[in-house]
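What follows draws every value from the coordinates through simple rules; no lab data is involved. All values derive from a computational prediction rather than experimental measurement. Positions of Cβ are backbone-derived with ideal geometry, glycine not excepted, and every protein chain shown enters the neighbour counts.
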Amino acid sequence: MQSKGFTGSTKYLGLPVNIFNQILENIEDITDFKILLRVIYLSQTKKGKYLFCSIDELLSDRILMRTLQKTHPQSDKKHIIKNSLNNLITLELIIQVVSKSNQETSYLLNTKFNRNIPHGFSVNPNESLEPWEADEYAPNIFSLYEQNIATLTPIIAEKLIEAQESYPSDWIHEAFAEAVKNNKRNWSYISSILTKWNIQGKYSAESATNSRKTQSF
């Protein structure tokens, strides 16, 4: 199917810049490349602390299944996906962890934040998305910045990617909301909120802030 280009409402995904170098240098199999693209898409269009995807989600992805049917019409699709995921793990582009809630293996990009996720982490079942429903969910960090702060610049983009790798996505969304509420629409203010939550503990920092507000009345 011929591409029709991108619309004005196209959303963007936050990715480590060097992933493109890793892909070009290490991925030789086109199927591995396609699987990686869908892992990125399915994980990045989720809400919640951990951005992951599962084999079942990949098998439910209509676009992926359609393209695998064209290239591997007689092959078992689950076997193909598992094989590619193992290749991507070997290349250190993704990692796998096991969910405590359902003992399901989940796959995530190999970022600093994801490498610190403990095995047996809990997953909220409401975090799972159908790929064709992605546009209904919250914007990513780039969209948040452009919608609430200003036009994105290369320097800010690097800072946003660093923040995305360092903090849970719900923290980032809440920090943006806090900046808008207080009319402090700049990245320095948002970054300071995230740093404070990281050092003091999010709920401790929020309690201290609320206490100061109460005492001021």
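With R₀ fixed at 22 Å, the C-beta to C-beta distance from ARG115 to ASN83 puts the FRET efficiency at about 0.45. Sorting LYS78, LYS49 from the fewest to the most surrounding beta carbons within 10 angstrom yields LYS78, LYS49. Residue separation of ASN18 and ASN182 scaled by 0.36 nm, minus their Cα-Cα distance, works out to 55.6 nm of gained length. Ordering PHE176, PHE33 from the fewest to the most neighbouring beta carbons within 10 Å gives PHE33, PHE176. Taken along the Cα-to-beta-carbon direction at a fixed 7 Å, the label points for THR151 and LYS70 span 3.6 nm.
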